[in-house]
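Worksheet: the structure to be examined is printed underneath.
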Amino acid sequence: NAEEAKKLICKLILKGKGPARPWSHDAMEGLGRQLPIPSREIQLVAWFHRLPNDDTEHALKVRRQSEGSLMQNWSDEVTRAAAYRKKIGADPESLQKKDPALWREFFRWKYGPQCRLPRMFSDLGFDQQKEWKREYETFDESPEWWHPAARSLWGDDVELPNSILDLPDGARGEVLQRLRQNQCLTNAAEE
């Protein structure tokens, strides 16, 4: 439906422009010609538009900024986004996957609690995504990062698995919450 597509495009591609704001006749006509828009295309173009500006990359300089231009040239924008994704070797699967489990905890474990992270895993740079894929198993198999928090919750006599992913969801949530509390306490003590 046109209104749902418009809401998604405003939220994900047009940097949060209000979907209730009227679009021009040309923009709505262009949207109508594209319907139904596969969610894969919307995700691809959204990824492309989230990339930082780079004046040395032609594809990033000519991204469509207005709804009228975007809708009149939708297939060109999809093609440009796909070509750029292929050029830089981005994983097409990462455009539709949910965030991997514990990706934030991995980077905070590796770089410290002050590590600044984006809202979504897919917003990480491709080097960081590859780093996570390459090194996550080491983190997951290393119980020292989460065992102290679990022992502070349940005592020293509790037998814990090596991987936090082997804990039941509720228990894993408790441990992660304790880790976050400990980081907040550590940060407050350091200030």
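None of the figures in this text is laboratory data; all of them are computed from the coordinates on show. In this text the structure is predicted, and so the values were computed from the model without any measurement. Positions of Cβ are generated from backbone atoms using ideal geometry, with glycine treated the same way; all protein chains shown enter the neighbour counts.
In plain terms, the chain from residue 82 to residue 120 could stretch by 11.7 nm, reckoned as 0.36 nm per residue minus the Cα-Cα distance. Legend: helices of the chain (whole DSSP H runs) are marked when their alpha-carbon atoms reach 27 angstrom or more along the helix axis and their mean Kyte-Doolittle hydropathy is at least -1.0; marked are 169-190.
What FRET efficiency comes out for the pair residue 54/residue 181, r = Cβ-Cβ distance, R0 = 35 Å, nearest 0.05? Approximately 0.35, to the nearest 0.05. Where only DSSP H runs of four or more residues are counted, the chain gives -18000 deg cm²/dmol as its mean residue ellipticity at 222 nm, each run worth -39500 (n - 2.57).
Cα centroid separation, region 1-55 to region 70-86: 12 Å. Mind giving me the FRET efficiency for residue 17 and residue 75? R0 is 30 Å, r the Cβ-Cβ distance, nearest 0.05 is fine. E between residue 17 and residue 75, to the nearest 0.05, is 0.90. Which label belongs to the value computed from this structure, given these candidates for P(r) over Cα pairs in 5 Å bins from 0, in percent: (1) 1, 6, 13, 15, 13, 11, 10, 9, 9, 7, 4, 2, 0, 0; (2) 1, 7, 15, 17, 18, 15, 11, 7, 4, 2, 1, 1, 0; (3) 1, 7, 13, 19, 21, 18, 12, 6, 2, 0, 0? Matching entry in (1) 1, 6, 13, 15, 13, 11, 10, 9, 9, 7, 4, 2, 0, 0; (2) 1, 7, 15, 17, 18, 15, 11, 7, 4, 2, 1, 1, 0; (3) 1, 7, 13, 19, 21, 18, 12, 6, 2, 0, 0: (1). Here the relative contact order of the chain, from alpha carbon pairs under 8 Å that lie six or more residues apart, stands at 15 percent. Top mean-square fluctuation among 103, 23, 47, Gaussian network model of the chain, C-alpha springs under 10 Å? Maximum fluctuation in the GNM of the chain, among the listed residues, is at 23. Approximating the spin labels as points 7 Å out from Cα along Cα→Cβ, the residue 127-to-residue 166 distance works out to 3.5 nm. Considering only 83, 51, 68, the residue lying farthest towards the positive end of the dipole of region 10-119 is 51, judged by Cα position with unit charges set on Cβ. Using a cut-off of 31 Å between Cα atoms, the listed pairs 87/133; 17/133; 11/130; 11/133; 87/110; 6/87 include 17/133 as exceeding that distance.
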